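Asks: Let me begin by handing over the structure; questions about it come next.
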Amino acid sequence: MTYPSGGGGEWPPQNNPYGQPQQGGYPQPGPQQGGYPQQGGYPQQGGYPQTGPQPQQGGYPQQGGYPQTGPQGFAQPGHEFGPPHGQAPYGYAGGEPPKKKRTGLVVTAVVAVLALAAGTVATVWALRSSDDVAAGSESPSTAANNLLSALGSGDVLGIMNGLAPAEAKLSKDYTEATVSEAKRLEILKKDADPNKLSGVQIKSEGIKFDDAAAEKVNDHLTINKVVEGKITITSDVKQIPLTDKLVDALGADLQKAGTETETLDFAKEKADRKGKPIGIATIKVGDDWYPSLFYTIANAALEEEDLKWPAQGIAPAGASSANDAAKQLVEKAFAADVEGVIALLPPDEMGVLQDVGPVILEQIGRTPDTGAKLIELETDAKDVSGGTQLTVRKLVVEAEGERVEISRDGDCYSASAQGQSQRLCADELTQLIEQQGRGEIPAAAVDVIGRVGAQVLKDGIGVVATEVDGKWYVSPFRTYSELFLTLMRGLEPKDVDELIKAIK
């Protein structure tokens with residue numbers, strides 16, 4: 001189905017865990033073009049740090065595991081559910097491909113709202129006035145019901161602010177900056193009203209939970225079962241507040257885009273799933289319960305692979321400082337200590353990975369030590385939204401008897417290995433790209449690549465650490481988000497103009 005995502009593109013498949021099978025059990029995070037950290041781990045497309053060995057096909061996805069629920073940018077046109085047309089699903093060895101599993105469940109509706117809020121300025125702008133999150137509920141079923149009620153009313157502020165506190169704060173911290181950059185780049189109109197849900201309407205009716213069937217996983221996680229009711233999503237891409245130049249560039253394609261409507265019937269889904277109702281996850285934070293998008297998607301992924309929530313998760317193990325957290329993460333990644341990496345993720349933002357961690361470890365199996373060792377890591381720290389960004393000042397790694405050293409001085413990076421060294425500064429990038437391209441790269445592209453690359457060198461490359469209960473952890477979502485914003489800041493409105501020329 002098509003959602004208003006800046007260009008009428010189709011919804012990326014990774015956020016629909018009940019759609020066609022992806023590579024592995026968890027939904028593939030797309031962004032895609034931004035977000036939490038793809039807008040996830042590090043400059044990869046996902047919410048899981050891409051350091052050290054990664055799960056292989058059949059277990060969990062290569063590119064993270066959780067959707068980018070923060071600023072997503074604009075969805076890519078033509079990005080369809082499941083494998084390419086005519087191609088067997090990933091992991092299928094041959095013969096007749098298996099029948100497609102049914103798509104559509106409340107996760108789709110929730111994800112739609114979240115991505116629209118980030119990608120089309122739908123709205124969590126109003127959250128900027130306060131760091132407070134909405135009050136939780138006294139029971140899991142009430143929390144789940146409140147979420148669907150908010151969906152039905154179209155109250156996006158209520159939806160975003162009513163999620164688990166860490167999820168709500170992630171959205172708040174980065175949506176504002178992303179929207180501001182989109183306006184600066186003349187993608188969105190300057191007077192676009194971020195408090196209105198542009199391009200989409202959501203209606204719910206007759207929602208009913210089976211409280212007796214609720215699955216209590218542990219003392220802080222309950223899966224609530226929806227057995228009746230419908231949610232209908234109606235979208236109209238023409239209602240997105242794009243600038244006139246983008247509207248003109250899209251031309252007839254935009255005008256041809258009609259209204260798209262899709263309805264999720266919970267009773268029908270239950271019947272099609274052989275009596276298994278769709279689950280909405282709620283988690284306990286303090287004394288209150290909140291609906292959780294991350295846990296809901298994780299639960300859907302476990303169901304997809306016929307796996308169960310483990311009785312005991314991985315205990316978080318933070319460091320004494322932000323710098324120590326970064327060091328430990330690199331060391332554990334080099335040692336292929338996946339459990340140690342998961343333990344160093346923020347328990348508020350990424351508690352879902354810690355709760356499902358034993359299943360991840362079982363699916364990955366034994367992984368060998370990489371043999372690389374961290375000899376030295378020095379960082380520069382600066383405050384960013386929700387944490388501290390650590391950029392590399394000096395990094396020394398030893399592997400197979402050889403040392404590699406990378407150091408930063410201002411906006412210049414130097415690298416040395418095997419007795420040789422090389423230095424690269426921000427103001428040299430454009431000339432280097434021209435030389436390497438040998439005249440085959442268009443001048444406009446050289447300008448853009450050089451400018452964006454220079455911005456990255458100036459801001460520095462690193463990770464974001466957050467403090468939770470006196471301990472420090474590395475946040476994959478915030479790390480990716482900061483990188484994404486750095487890339488956006490390197491762009492100028494004229495770059496969008498060049499893209500429009502290329503489209504025409």
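Bear in mind these aren't lab numbers, they're just calculated from the coordinates by the rules spelled out. All figures in this text were calculated on a predicted structure; none of them were measured in a lab. Positions of Cβ are generated from backbone atoms using ideal geometry, with glycine treated the same way; all protein chains shown enter the neighbour counts.
Asks: Report the charge-dipole magnitude of segment 229-269 in Debye, nearest 20, computed about the Cα centre from +1 at each Lys and Arg Cβ and -1 at each Asp and Glu Cβ.
Replies: Charge dipole, segment 229-269, about its Cα centre: 40 debye, nearest 20.
Asks: Show me the GluC sites (Glu not before Pro) within segment 386-432 that DSSP assigns to loop and that have at most 15 other Cβ atoms within 10 Å of their Cβ.
Replies: Counting only loop positions with at most 15 other Cβ atoms within 10 Å, the GluC sites (Glu not before Pro) in segment 386-432 are GLU400.
Asks: Next question. Return one quarter of the surface area of the convex hull spanned by the alpha-carbon atoms of segment 322-364, equal to its mean projected area, in nm². Working shown, then result.
Replies: Working: hull surface 11.9 nm².
Result: 3.0 nm².
Asks: Return the sequence-ordered ³J(HN,Hα) values of segment 392-398 in whole Hz as given by the Karplus equation 6.51 cos²θ - 1.76 cosθ + 1.60 applied to θ = phi - 60°, using x for Gly and Pro.
Replies: 5, 9, 8, 9, 10, 10, 10
Asks: Filter LYS169/LYS268; LYS169/LYS458; LYS183/LYS332; LYS172/LYS382; LYS230/LYS256 down to the pairs with a C-alpha to C-alpha distance above 30 Å, please.
Replies: LYS169/LYS268; LYS183/LYS332
Asks: Moving to a separate point now. Mind checking the dipole of segment 322-364: about its Cα centre, +1 per Lys or Arg Cβ, -1 per Asp or Glu Cβ, Debye to the nearest 20?
Replies: 140
Asks: Of PRO346, LEU329, VAL359, which is farthest towards the positive pole of segment 322-364's charge dipole, taken about the Cα centre with +1 and -1 on the beta-carbons of Lys, Arg and Asp, Glu respectively?
Replies: The one lying farthest along the dipole's positive direction is LEU329.
Asks: Compute the separation of the alpha-carbon centres of segment 207-245 and segment 294-332 and state it in Å as a whole number.
Replies: That distance is 24 Å.
Asks: Once the other residues with Cβ under 12 Å from the Cβ of GLY453 are scored (Lys, Arg +1; Asp, Glu -1), what is the net sum? Please report the intermediate quantities before stating the final value.
Replies: Values: positive: ARG451, LYS458; negative: ASP411, ASP427, GLU428, ASP447, ASP459.
That sum, taken over residues with Cβ under 12 Å, equals -3.
Asks: Once you charge only the Cβ atoms, +1 for Lys and Arg and -1 for Asp and Glu, what is the size of the charge dipole of segment 367-406 about its Cα centre, to the nearest 20 debye? Provide the component values of the computation, followed by the final result.
Replies: Numbers: 5 positive and 9 negative charges, 33 e Å.
The calculation lands at about 160 debye.
Asks: Further question on the same structure: For a quick check: sort THR486, THR479 by the number of other beta carbons within 10 angstrom, fewest at the front.
Replies: Exposure proxy ranking, most exposed first: THR486, THR479.
Asks: Ranking GLU181, GLU260, GLU205 by Cβ neighbours within 10 Å, fewest first, what do you get?
Replies: GLU205, GLU260, GLU181
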